[in-house]
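J.: Before anything else, here's the structure in question.
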Amino acid sequence: MRRGNAPPRGPVGPLGPLGAALCGFAVLGALLGPAGTAQAAGAAGGAADDGDRDGLVMVLDSSGSMAGARMTAARQAVGAVVDALPDGYPTGLRVYGAGKEHGCDDTRLLEPVGPLDRDALKQAVAGVRPKGDTPIGLSLRKAAADLPEGGRRTIVLVSDGEDTCGAPAPCEVAARLAGQGVDLRIDTIGFQVRGGAREQLECIAGAGHGSYHDAPDAASLVRQLTRASRLSADAYRLRGRRVAGGTGATGAPALSPGQYVDDIGPGETRWYAVTLDAASTADLAVTAVPRPGVRAAYGDGLRLAGTGRYPLTCGSDAAHFGQDEGAMVIGGAVSRIPSDDRDGACDKAGRYVLSVHRTSAAGSDRARWPLELRYGTERPFAADATPAPAATRYGDPPAALTGAPRDVEGGTGFNDARGLGTGIWRDTLLPGQTRFYKVRVGWGQRLTYSADFANEPLLEGGSTASSFVATAAYGPGRLPLGDASGASQRRGYHGRPLSVGLGTVPVTWTNRWVAGGGARGARTAGEHYVAVSLGPGAAGLARNAAVRVVLRVDVTGTELAGPEYGASARGGGSAAGDSDGTAAGAPADGGAFMTAGDAVAVAAGGAVALAGVGTVVLLGRRRRDGA
């Protein structure tokens, strides 16, 4: 049995061979002094939910070279996109080259960015008559002004040639626009292009924190424009109060229990502080949300660490994408679990500091990553109560679920995860996307699920392409869960049938003191999260815009009324419920616990899909009255 506060390695992240999560927690009480509640509240600032201000503008080449069959294909592609976008998603349309035969000022906003109006967009593109020049640089500058301020803003440019006006230079415009903030992405689609035109569009995408997509025919134009637009509309919905992480430990803002948003640049370190008592468990989760599919190197990711007064390190680790197909959600979590005798160096009451560092290769995308931080505390078990023994065995696998699947659409992240119960569910995944689901699991119950991918129609020549699928699971507080069933959480994907999944041990309060294995995270009843990811490289093999996946979700075991030894069975079915706030294990702030998500997202696939979420748990000594 592990004793003291030495941190064990966390599980491999779900989206790829990501490492364990990168979070660190350190005691800095003597160095920084006590933190007051006023400071904690002031650091949080106002509430923020940038999803309400997201927007997409399509910029369509309508120059003379697009006349005839090319414009017919473009109209069909725009029609397919608006049919696929979510209801009400802010969408606009700008064209260039359709107003006059010659003119480098010829760019027009046909449909302003506003709640999606499918009929208006289709009518607008139906009236376009290609005839003029190709002022790409000016059109990009105007398109950025068309978008709302704040939120996730996306420009999708479709062109069949390079800029014919020269000034302003398109790549320079893209770089200037992208340098103005964390929220703008420029994707480009080359429709039947080659040579200099393709190089220019690739340059625009690279400078604009976006991706280039090649469309050699009408069908691929529909597919690529749909993918780019849907990835914008389905972007991770951040939620929390704004906070600016400090540049060092002494300037770290104090956080009170809750959820926060920040951002981090390449090579940057952000610092945050919390004040803990000597008895409660504390969970801090960090999720980083890069734009899906942008340039990323194998070793890019997060590194979290804590340092103390001597200096003292209470925990550290690192999580990396573990693949170079493109960036995805990545994250991690750290927990302070006091030992029974409260004599550990990391058991003391006082000020603790978390540092979050972003590693980035020179050739990787330089955009700042949004961060979502979640901090929660959990009251200790009552002194006169005896917790149930730790549950460390998976047991016999449940019988396979059979029947027809029901269609669902997973959430963009933890905040809007789609609720599922026991059953069979069908969804789709875009290349580079992670879908999130939540399942209620009670005391004494275990979660088992699989994500099954069937034969997928392949592109011509796509049989030589490859990608990956991955999955990860998280407990309340977004604590990464280890697999105890022997299932694969990440596998290479070639369009042929395969399955990834995970099975947990029963949820038991004393699992928190188990050193290693799959039991450590399964320590709190309530909402559990499932993330499933598809690698960005799947765009090179799948003929359809999205790939189909079937989820088989099962919650087994008798649900107990509480975490105590000898707890009675809970009536009302097998679905698990959240803690009622009165028993041990309930959040002290009445809210949920924190954990990183893959994504850091790591939520999606076995290792890298969500970009590898891992966790470092600062394990305390096991309670004397525990199992």
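J.: If you check residue 221 against the conditions, is it more than 23 Å from residue 83 (Cβ to Cβ) and part of a helix (DSSP H, G or I)? Step through it out loud before you land on a result.
T.: Numbers: more than 23 Å from residue 83 (Cβ to Cβ): no; part of a helix (DSSP H, G or I): yes.
For residue 221, the condition - more than 23 Å from residue 83 (Cβ to Cβ) and part of a helix (DSSP H, G or I) - is not met.
J.: How many residues does the range 436-453 contain that are open to solvent by 10 Å² or more (accessible area, probe 1.4 Å) and out of contact with any Phe, Trp or Tyr (no Cβ under 9 Å at 6 or more places or on another chain)?
T.: Within the range 436-453, residues that are open to solvent by 10 Å² or more (accessible area, probe 1.4 Å) and out of contact with any Phe, Trp or Tyr (no Cβ under 9 Å at 6 or more places or on another chain) number 4.
J.: Would you say residue 456 is touching a Gly at 6+ places or on another chain (Cβ under 8 Å) and among the acidic types (Asp, Glu)? Lay out the reasoning, then the answer.
T.: Values: touching a Gly at 6+ places or on another chain (Cβ under 8 Å): yes; among the acidic types (Asp, Glu): yes.
Yes: the conditions hold for residue 456.
J.: To continue, here is another question. Among residues belonging to the range 324-376 that are assigned to a strand (DSSP E or B) and open to solvent by 30 Å² or more (accessible area, probe 1.4 Å), point out the one that is nearest to residue 480 (Cα to Cα). Even if it seems obvious, please write down each step before you answer.
T.: Residues of the range 324-376 that are assigned to a strand (DSSP E or B), as a first pass: 330-336, 350-359, 369-376.
Subset that is open to solvent by 30 Å² or more (accessible area, probe 1.4 Å): 357, 374.
On the way: 357: 20, 374: 14 Å.
Per the stated criteria, the residue is 374.
J.: Filter the range 168-195 for residues that are hydrophobic (A, V, I, L, M, F, W, C) and in contact (Cβ under 8 Å) with a residue 40 or more places away in the chain and give the result. Break it down stepwise before answering.
T.: First, pick out the residues of the range 168-195 that are hydrophobic (A, V, I, L, M, F, W, C): 169, 171, 173-175, 177-178, 182, 184, 186, 189, 191, 193.
Passing the criteria: 178, 182, 184, 186, 191.
J.: Looking only at the range 519-540, which residues are within 22 Å of residue 322 (Cα to Cα) and surrounded by fewer than 23 Cβ atoms within 10 Å (Cβ to Cβ)?
T.: Of everything in the range 519-540, those that are within 22 Å of residue 322 (Cα to Cα) and surrounded by fewer than 23 Cβ atoms within 10 Å (Cβ to Cβ) turn out to be 537, 540.
J.: Right, another one. Are any residues in the range 489-508 open to solvent by 10 Å² or more (accessible area, probe 1.4 Å) and without any contact (Cβ under 8 Å) to a residue 60 or more places away in the chain, and if so, which ones?
T.: 492, 494, 496, 497, 498, 499
J.: Which residues, counting only those in the range 416-434, are under 26 Å from residue 525 (Cβ atoms), assigned to a loop (DSSP other than H, G, I, E, B) and aliphatic (A, V, I, L, M)?
T.: Correct list: 417, 420.
J.: Looking at the range 496-509, is at least one residue of a type in the set (Gly, Ala, Ser) and in contact with a Leu (Cβ under 8 Å, 6 or more places away or on another chain)? Before you say what the answer is, go through the steps one by one.
T.: If we filter the range 496-509 for residues that are of a type in the set (Gly, Ala, Ser), which is where we start, we get 499, 501, 503.
This time we only want the ones that are in contact with a Leu (Cβ under 8 Å, 6 or more places away or on another chain), so: 503.
Within the range 496-509 (the criterion being of a type in the set (Gly, Ala, Ser) and in contact with a Leu (Cβ under 8 Å, 6 or more places away or on another chain)), the answer is yes, since at least one residue qualifies.
J.: Across the range 249-280, what is the number of residues that are within 17 Å of residue 373 (Cα to Cα), more than 16 Å from the chain's Cα centre (by Cα) and among the β-branched types (Val, Ile, Thr)?
T.: Qualifying residue count for the region: 3.
J.: Identify the single condition in (1) open to solvent by 30 Å² or more (accessible area, probe 1.4 Å); (2) under 24 Å from the mean Cα position of the chain (by Cα); (3) touching a residue at least 60 places away in the same chain (Cβ under 8 Å) that residue 432 does not satisfy, given that it satisfies every other one.
T.: All conditions are met except number (1).
J.: Quick check: anything in the range 37-57 modelled with pLDDT of 95 or more and among the hydroxyl-bearing types (Ser, Thr, Tyr)? Reasoning before the result, please.
T.: Kept after step one, since they are modelled with pLDDT of 95 or more, are these residues of the range 37-57: 56-57.
If we keep only those that are among the hydroxyl-bearing types (Ser, Thr, Tyr) as well, we get none.
Looking through the range 37-57, none of the residues is modelled with pLDDT of 95 or more and among the hydroxyl-bearing types (Ser, Thr, Tyr).
J.: Separate question: Give the range 397-426 a look and list any residue that's closer than 15 Å to residue 230 by Cβ and open to solvent by 10 Å² or more (accessible area, probe 1.4 Å), or say none. Explain how you work it out, then say what you get.
T.: Filtering the range 397-426 for residues closer than 15 Å to residue 230 by Cβ gives 409-412.
Across the range 397-426, the qualifying residues are 409, 412.
J.: So, in the range 224-253, exactly how many residues are open to solvent by less than 30 Å² (accessible area, probe 1.4 Å), basic (Lys, Arg) and assigned to a loop (DSSP other than H, G, I, E, B)?
T.: Here the count works out to 0.
J.: Follow-up question, since we're still on this one. Sort through 511, 544 and tell me the only one that's open to solvent by 20 Å² or more (accessible area, probe 1.4 Å) and modelled with pLDDT under 95.
T.: Details: 511 fails: open to solvent by 20 Å² or more (accessible area, probe 1.4 Å).
Testing whether each residue is open to solvent by 20 Å² or more (accessible area, probe 1.4 Å) and modelled with pLDDT under 95 leaves just 544.
J.: Taking the range 547-566, which residues are part of a strand (DSSP E or B), open to solvent by 10 Å² or more (accessible area, probe 1.4 Å) and within 26 Å of residue 442 (Cβ to Cβ)? Give the derivation first.
T.: Initially, the range 547-566 is screened for residues part of a strand (DSSP E or B), giving 547-556, 560, 564.
Imposing the further condition that a residue be open to solvent by 10 Å² or more (accessible area, probe 1.4 Å) reduces the set to 548, 550, 552, 554-556, 560, 564.
Those that are part of a strand (DSSP E or B), open to solvent by 10 Å² or more (accessible area, probe 1.4 Å) and within 26 Å of residue 442 (Cβ to Cβ): 550, 552, 554, 555, 556, 560, 564.
J.: Identify, from the list 188, 134, the residue that is at negative phi, touching an Asp or Glu at 6+ places or on another chain (Cβ under 7 Å) and among the polar types (S, T, N, Q). Break it down into steps so the answer makes sense when it comes.
T.: On the way: 188 fails: touching an Asp or Glu at 6+ places or on another chain (Cβ under 7 Å).
Sole residue among the options that is at negative phi, touching an Asp or Glu at 6+ places or on another chain (Cβ under 7 Å) and among the polar types (S, T, N, Q): 134.
J.: Okay, moving on. Could you please find all residues in the range 254-292 being outside any strand (DSSP E or B), closer than 27 Å to residue 432 by Cβ and not small (Gly, Ala, Ser)? Don't jump to the end; show me each part of the working.
T.: Start the filter on the range 254-292 by keeping residues that are outside any strand (DSSP E or B), which leaves 255-257, 265-268, 277-280, 289-292.
Filter again for closer than 27 Å to residue 432 by Cβ, leaving 265-268, 289-292.
Within the range 254-292, 266, 268, 289, 290, 291, 292 meet the criteria.
The values are calculated or read from the model by the stated rules, or taken from the named source; none is laboratory data. In this text the structure is predicted, and so the values were computed from the model without any measurement. Counting neighbours? That spans all protein chains shown, and the Cβs are built from the backbone with ideal geometry, glycine included. Please note that ligands, DNA and RNA were not included when accessible areas were found on the heavy atoms of the full protein model with its side chains. Shrake-Rupley method; radii C 1.70, N 1.55, O 1.52, S 1.80 Å.
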